[in-house]
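Here, each number is a calculation from the coordinates, and none is a lab measurement. Every value quoted in this text rests on a predicted model; they were computed, and no experiment measured them. We place every Cβ from the backbone using ideal geometry, glycine too, and count neighbours over all the protein chains shown.
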Amino acid sequence: MSEPAYPDIYRAADTRYTGTDEHPAVPYRRSGVSGLKLPAITLGLWHNFGSDRPLQNQREILRRAFDRGVTHFDLANNYGPVPGAAEENFGRIMASDFRPYRDELLISSKAGWYMQDGPYGFGGSRKYLVASCDASLKRMGLDYVDIFYHHRPDPETPVEETVAALDHIVRSGRALYVGISSYSPELTRQAQAIAKDLGTPLLIHQPSYSMFNRWIEDELLATCADQGMGVIAFSALAQGLLTDRYLNGVPEDSRLGRHNMDTGFLTDDTLLAIRALNDIAAGRGQTLAQMAIAWVLRRPEVTSALIGASSVEQLDDSLDALKNLDFTDTELTEIDRYAVDRGINQWAKATDSTR
Ligand code: NAP
């Protein structure tokens, strides 16, 4: 067996909060009206951290992220494959590498989407949420998560029950803060009203948002600002469409090539838009991934851009978005020609299910 390319004992980079000549420091932004700051870019473990990926690659990506100041890792009960595998793998790396840094890390998990068969493996019931939170903590080897989310609205469970379950999760010490994901503006207001009554810190909303999926601009961003909630925008790279990944065909090892994304998302028209946006990014001296992240962060309501990465190189590239977060009006107008909804919001049904 070949030797691993990483040292056995991990010591986080001394420059993780200062940056280096080569790489800027990650800014931290306050989540709504709260005491909690998030890195402007967060790493998510939905894909690339399951049982289908080498643990060594996962470890290198996580180490690199923290070495560059990414203090926030976002997980969920069902991330895999198989469901639970990402939390288990993260738990392994937590134990081997990050244990001394627990207080420097913001770790989140969620429940709400399908986790297991039977009546208690999906939805927003107290029964599902509390048990799932316990199972997540066990898999990750943690005493608590920093943020626990309800992962998607559930039209069959009263929102009062769901928010009371989140309140219980905080009061019992399982989580420090709670959040909601893919909730509509109306349901967000309702959930926050209940949370305020209970005195629970519901301080963040996690919706999808990218140049190809702009639904939150209509009302949700203003709602969150109004409710004192931060926004962590997921799939800021449109699952890789807003990168150089598909400029010259579909690589076998890509999310599309591995059949982990709807093939219908990459239409001819979308490819033309990707190419045009890639040219605009080049004009700014950025890669398309970097411009896509900067574009999400241009909105003051957005606390953090939540991205994935299948390699250290991708992560490094994406984090260098921080070198140029500013846009001219002319650039924004030019981007708007191509940054239109392209039918890739696969979470819209869940959002609309309670409307
Ligand atoms: P994304 O950042 O839109 O897509 C990540 C993919 O883009 C990577 O796997 C990689 O694709 C490609 N990529 C990343 N950086 C690149 C670069 N610099 N150059 C070229 N390609 C690059 O995010 P996502 O993985 O869809 O989602 C991010 C996180 O959001 C998840 O891990 C999860 O934490 C969260 N999320 C939450 C929900 C929810 O319901 N709350 C739903 C979805 C996601 P390849 O794999 O092809 O290399």
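With the Kirkwood sum run over all distinct C-alpha pairs, segment 85-229 has a hydrodynamic radius of 15.8 Å.
Need one number: nm distance between label points at Asp269 and Asp197, each 7 Å from Cα along Cα→Cβ, rounded to one decimal. With each label point 7 Å from Cα toward Cβ, the separation is 4.4 nm.
What's the long-distance tail for segment 1-149, i.e. % of Cα pairs beyond 21 Å? Every Cα pair in segment 1-149 considered, those over 21 Å come to 47 percent.
Of all the Cα-Cα pairs you can form in segment 231-300, what percent are over 18 Å apart? That fraction is 39 percent.
My understanding is that a pair violates if its Cα-Cα distance is over 22 Å; which of Lys110/Lys138; Lys37/Lys110; Lys110/Lys349; Lys110/Lys323; Lys138/Lys196; Lys37/Lys323 do that in this structure?
From the list (Lys110/Lys138; Lys37/Lys110; Lys110/Lys349; Lys110/Lys323; Lys138/Lys196; Lys37/Lys323), the Cα-Cα distance tops 22 Å for Lys110/Lys323; Lys138/Lys196.
As a proxy for reagent exposure, Ile61, Ile293, Ile9 were ordered by neighbouring Cβ count within 10 angstrom, fewest first; the result is Ile9, Ile61, Ile293. Using only side-chain charges placed at the Cβ, +1 for Lys and Arg and -1 for Asp and Glu, the dipole size of segment 101-232 relative to its Cα centre rounds to 360 debye. Between Arg126 and Asp341, the contour length at 0.36 nm per residue exceeds the Cα-Cα span by 73.9 nm. Out of every Cα-Cα pair that segment 196-273 contains, those further apart than 16 angstrom amount to 60 percent.
Comparing Cα centroids, segment 210-239 and segment 16-32 end up 22 angstrom apart. Looking only at segment 174-196, which residues have a backbone nitrogen under 14 Å from a spot 7 Å from the Cα of Ala222 in the C-beta direction? Counting only backbone N, you get 185-186. Subtracting the Cα-Cα distance of Leu247 and Gln190 from their residue separation scaled by 0.36 nm leaves 16.3 nm. Taking Cα centre as origin and charging only the Cβ of basic (Lys, Arg, +1) and acidic (Asp, Glu, -1) residues, the dipole magnitude of the chain rounds to 740 debye.
Would you mind giving the average projected area, over all directions, of the Cα convex hull of the chain in nm² with one decimal?
Taking the Cα atoms of the chain, their convex hull projects to 17.6 nm² on average.
Simple point charges give the picture: +1 on the Cβ of Lys and Arg, -1 on the Cβ of Asp and Glu, and for segment 75-151 a dipole about the Cα centre of about 200 debye. Each of Val145, Met291, Pro201 was scored by the projection of its Cα onto the charge dipole of segment 143-296, and the greatest displacement toward the positive side belongs to Met291; charges sit on the C-beta of Lys, Arg, Asp and Glu. Taking each DSSP H run with n ≥ 4 as -39500 (n - 2.57) and averaging over every residue of the chain yields -10000 deg cm²/dmol at 222 nm.
Please give the contour-minus-distance gain from Glu22 to Gln116: 0.36 nm per residue of separation, less the Cα-Cα distance, rounded to one decimal in nm.
Length difference between fully extended and current span is 29.3 nm.
In summary, segment 278-355 shows an alpha-carbon radius of gyration equal to 1.25 times the 2.2 N^0.38 Å reference for compact globular proteins.
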